1. Accessible area per residue of the chain at 1.4 Å probe, in Å²?
2. Using the beta-carbon distance between PHE28 and LEU97 and R0 = 22 Å, what value does 1/(1 + (r/R0)^6) give for FRET efficiency, to the nearest 0.05?
3. Hey, what do the phi angles of the range 19-24 turn into as Karplus ³J(HN,Hα) couplings, whole Hz, using 6.51/-1.76/1.60 and θ = phi - 60°, x for Gly and Pro?
4. Using a simple charge model, +1 on the beta-carbon of Lys and Arg, -1 on the beta-carbon of Asp and Glu, nothing else, what dipole does the chain show about its Cα centre, in debye to the nearest 20?
5. Name the residues whose placed amide hydrogens come within less than 5 Å of the amide hydrogen of GLU91, ignoring near sequence neighbours (fewer than 5 apart) on the same chain.
6. Pairs of alpha-carbon atoms within less than 8 angstrom and 6+ residues apart define the contacts here; what relative contact order does the chain have, in percent?
7. With just the Cα atoms of the chain, tell me how far they stretch along each of the three principal axes, in Å, largest first.
8. Tell me the carbon and sulfur percent of the accessible area for the range 20-76, rounded to whole percent, probe radius 1.4 Å.
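The values are calculated or read from the model by the stated rules, or taken from the named source; none is laboratory data. In this text the structure is predicted, and so the values were computed from the model without any measurement. A quick note on method: Cβ atoms are made from the backbone with ideal geometry, for glycine too, and the neighbour counts reach across all protein chains shown. These area figures cover heavy atoms from the full protein model, side chains too; ligands, DNA and RNA do not enter into them. Shrake-Rupley method; radii C 1.70, N 1.55, O 1.52, S 1.80 Å.
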Amino acid sequence: MTAVEDNALTVGALIEQISAELVAAGLFYGHGTDNAVDESAALVFHVCDIDHQDAAQAYSRPVSATQQRRVGQVLAERVQTRKPLAYLLGEAWFAGLRFAVDE
């Protein structure tokens, strides 16, 4: 069972757990993020459709089982393929602006 299968997870707890999995996988960053925590937040915010300006309030929100499964799917693809998260999501953020991204 992975971290993303816990029905009681909040956004903040899920970000922490995903971050630990990214670190354990030994991934590299650089397409909109430069560390595991920021990349985890980008993934969770994208899947949960959370506006980055609402981050402070979002960390205590619960994450649905469906959202957890989707995060887990993208995480698995990220780890297995080593593709940048921005490629998998089709977007990256820089200076508060969203950019469409592809390979």
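1. 59
2. For R0 = 22 Å, the calculated efficiency reads 0.40.
3. Karplus-based 3J(HN,Hα) across the range 19-24 equals 4, 4, 5, 5, 4, 4 Hz.
4. In total the dipole reaches around 140 debye.
5. VAL101
6. Answer for the chain is 32 percent.
7. For the chain, the Cα extents along the three principal axes come out at 34, 30, 20 Å.
8. On the range 20-76, the fraction of accessible area on carbon and sulfur atoms equals 53 percent.
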